[in-house]
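Colleague: Structure below; questions to follow.
The values are calculated or read from the model by the stated rules, or taken from the named source; none is laboratory data. Because the structure is a prediction, the values reported are computed rather than measured. As a convention, Cβ positions derive from the backbone with ideal geometry for all residues, glycine included, and neighbour counts pool all protein chains shown.
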Amino acid sequence: MGCEIWNKSNLPELLQEFPIFYGVNQSDLRKLINAAVVVHYAKRKVIVQEGKNPEAFYLILKGMVKISKISPVGKEFIIYVRHKGEIIAPGLTICRAPYFASSVALEDVDILVFSIDDFLDFMSLNPIVRLRFDSLDIDIIRDMYEKLIYLATNDVYHRLTNVLYSLSSKCGNILSLTHQEIAELTWATLETTTRALIKLRNDDIITLVRGKIIIKNPGKLRLCSENSSGHFLPNDSICPSNLNRYLNTPTDLKELGCDSNIRQKV
């Protein structure tokens, strides 16, 4: 499916619904949008590459984007997911620092691309946007830390239901994700993730369709995410032994803000 037809004359109203643009001057916003371009990325297309220097600001208009790294042994792990209304790597772009991870479309994505200079000029005219921007990286770092602790202390079933509930609350009840992508999001093996998904299907909480997961009972899913059942493989917990499957060296652990003494032989 190609890029949705976006009418630039309507985009200022849409962008003002996004938290970062609340209450900004619509005339300034319109000028920024007129200089920008909407780019479509098909599922699995790389939007920004780890190690590359930023060339633009990327604002998601539609779809989900995964921020992920590849370990030295070639295993991908997803750090977090960006959604509609969010900017990819805001702080790094302002500083023009190299991306610490890659950003890849989890589904078909439409992104509004601004030049860095145009966006910096816009922020100089709207200081409230700069203040909100400065808090974004703090939020991202906090979310990454909380996710690492969460992954280390919860079983696969709990992690899975939490991921599905979080994604559906932001993106709707039809998630265009494969079992492998869900496994990467929960930092679990494909086999264990599939077993957990089948249990959710048998409990009439989700429907499994090829390449999609449909949430049938969001309320029950939320309850499951808040109350871990604890009966999926203990060895599929991230902490400590299973972390070795994803991160193969002490250096990798330090990149995630985790001390290397958590490592343990499997």
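Colleague: It is to be established whether one or more residues within segment 124-143 are assigned to a loop (DSSP other than H, G, I, E, B) and of a type in the set (G, A, S).
Modeller: Filtering segment 124-143 for residues assigned to a loop (DSSP other than H, G, I, E, B) gives 126.
Checking the rest, the ones that are also of a type in the set (G, A, S) come to none.
Checked against the condition, which is being assigned to a loop (DSSP other than H, G, I, E, B) and of a type in the set (G, A, S), segment 124-143 yields no hits at all.
Colleague: Considering only residues of segment 32-85 that are outside any strand (DSSP E or B) and either in the same structural domain as V163 (by TED's automatic domain parsing) or among the acidic types (D, E) (or both), which is surrounded by the most Cβ atoms within 10 Å (Cβ to Cβ)?
Modeller: E50
Colleague: Could you tell me whether segment 21-29 includes any residue that is in contact with a His (Cβ under 8 Å, 6 or more places away or on another chain), farther than 20 Å from G91 by Cβ, touching a residue at least 12 places away in the same chain (Cβ under 8 Å) and not assigned by TED's automatic domain parsing to the domain that holds K170?
Modeller: Taking segment 21-29 first, the residues in contact with a His (Cβ under 8 Å, 6 or more places away or on another chain) are none.
No: segment 21-29 contains no residue that is in contact with a His (Cβ under 8 Å, 6 or more places away or on another chain), farther than 20 Å from G91 by Cβ, touching a residue at least 12 places away in the same chain (Cβ under 8 Å) and not assigned by TED's automatic domain parsing to the domain that holds K170.
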